[in-house]
Structure formats: structure tokens, C-alpha cells
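None of the figures in this text is laboratory data; all of them are computed from the coordinates on show. Note that this is a predicted model, so its numbers are computed, not measured. In this analysis, Cβ positions are derived from the backbone assuming ideal geometry, glycine residues included, and neighbour counts consider all displayed protein chains.
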């Protein structure tokens with residue numbers, strides 16, 4: 001029977017301790033499935049500001065949007081409906097889901113409640129841009145975790161494909177399989193490309209209550225980098241700190 005990865009919910013006053021426990025659990029449960037042949041080399045955290053374009057072959061694979069990002073034909077309604085997914089906007093509750101995180105394990109979004117979550121939807125494991133994007137996020141995981149944030153990669157690839165991809169790229173965060181029903185979770189977030197049958201390249205930062213704090217859809221063949229994620233996490237941390245300070249001040253009064 002498939003096992004489920006579960007996390008203990010804790011009060012806000014014990015958020016730091018809960019984060020450490022959650023990290024330990026997910027690291028242990030994924031150690032055999034997502035091992036690294038070499039220890040991760042964190043180095044100096046890297047921020048990617050400008051977009052990085054894909055090779056022409058990948059742009060051809062995923063349709064006309066990537067060949068002319070920002071120059072779509074707005075009069076072509078059929079193209080727009082197929083390629084211009086409207087992702088969920090900030091302020092909306094993030095739809096819950098349960099997906100395979102390994103061939104025999106599941107992870108639910110609700111398991112991570114009480115901490116920020118980064119959802120990185122991407123088209124395909126082995127495409128050049130997806131590989132570069134996931135590798136970048138792997139390198140700056142410590143920056144995400146400074147904000148107590150958990151990163152989840154999501155695509156329509158199957159769990160075995162994710163396993164091979166994660167091993168090849170030495171990834172240390174979960175890749176979830178939105179495989180069957182195909183793209184069901186991507187569709188809930190407005191991040192599914194019906195014409196190609198893959199997920200959009202879409203990013204979401206969720207707050208500790210499971211509400212979307214920030215979202216962004218990149219042209220599918222452009223690596224969005226990490227700047228937007230980090231800026232959103234910084235703002236979220238500032239807001240949370242101000243809220244907790246105000247709360248403690250009111251109690252003291």
C-alpha cells in the first residue's frame with residue numbers, strides 16, 4: 001500500500017521547531033529515491049535576473065509563444081485559449097492536492113500547512129530549460145529555507161521519470177507527478193497547456209495559511225530564475241514578522 005508522507009502541524013510559537021522536524025522527515029523519506037552521488041555544492045547563492053532563452057529545438061516543441069515571447073497575436077483567440085493559461089492570482093486559496101512523490105509514496109499540500117510553500121510547475125523533466133531551472137533551485141535551497149519555505153516541483157511526468165531525473169540532476173527537493181489524471185492539479189492552478197499536454201512554467205508562493213501570496217507564469221521556454229520567488233519570500237517574512245511583533249506587543253500591553 002502506498003505510504004503517505006505526513007507532517008505534524010504546530011502552533012505559530014513553535015514554527016521553527018516544526019520546520020526542522022518537517023525538513024528531517026522529508027529528507028529521510030526521499031533519501032533513497034532522490035540520492036545525490038556527490039554532496040550538494042551550495043557555493044554563493046545565485047540570483048537570475050534576466051530571462052534565459054531556450055534553444056530553438058525546444059521552442060519549436062512547445063509552440064509559437066516561445067519563439068516570440070511578448071509578441072503574441074491577441075486577435076488569434078484559438079491560439080490564446082490554448083497557450084495563454086490564466087494562472088491563479090494572489091489572494092486566492094491554493095487548491096489542495098495529493099500527488100505521488102515517489103513510485104510508492106504520496107505527498108499532500110495540506111501536509112505542509114503552517115509554513116510557506118513554493119510550487120514550481122514546469123513542462124517536462126528532460127527539457128534543457130527545465131533542467132537548468134530545477135538545478136538552479138536546487139543550488140539555492142538554503143536561501144528558500146532561510147524563510148522556512150518548502151519547494152515542490154510539479155510536472156505531468158510519472159514518478160519513475162521524476163526519480164531518474166532527480167538522480168541525474170542530484171536534486172534535493174520533491175518532484176510531484178501530476179500524471180493521472182493527467183495535469184489535474186496543473187489545471188486547478190490554471191497552469192496547464194492543453195495544446196501540448198504539459199504544465200505551464202508557472203510559479204506560486206503560498207503563505208503559511210495556504211493562500212497564494214505571489215504567482216507568475218513565464219513563457220514556457222524561458223527560465224524565470226529565482227528573483228521573483230526570493231522577493232516574494234522576503235516580503236512574506238517581513239509581513240509575518242510585523243504581524244508577530246504586533247501580536248506580542250498587544251499581549252504585553
Task: For segment 181-224, projected area of the alpha-carbon convex hull averaged over all directions, nm² - done: 3.6
TODO: Starting from the eigenvalues of the Cα gyration tensor, five times each then square-rooted, give me the equivalent ellipsoid semi-axes of segment 86-253, largest first, whole Å.
DONE: 28, 16, 15
TODO: Neighbouring Cβ atoms within 10 Å as the yardstick, rank 189, 122 fewest first.
DONE: 189, 122
TODO: Taking the Cβ of each residue in 118, 212 as the centre, tally the other Cβ atoms inside 10 Å and list the residues starting with the fewest.
DONE: 212, 118
TODO: Order by neighbour count: 161, 130, fewest other Cβ atoms within 10 Å first, most last.
DONE: 161, 130
Open item on the list: Nearest 5 percent is fine: what portion of the DSSP beta bridges confined to segment 86-253 is antiparallel?
Closed with: 70
- [ ] With a point put 7 Å past each Cα toward its Cβ, work out how far residue 113 is from residue 231 in nm, to one decimal.
- [x] 3.1
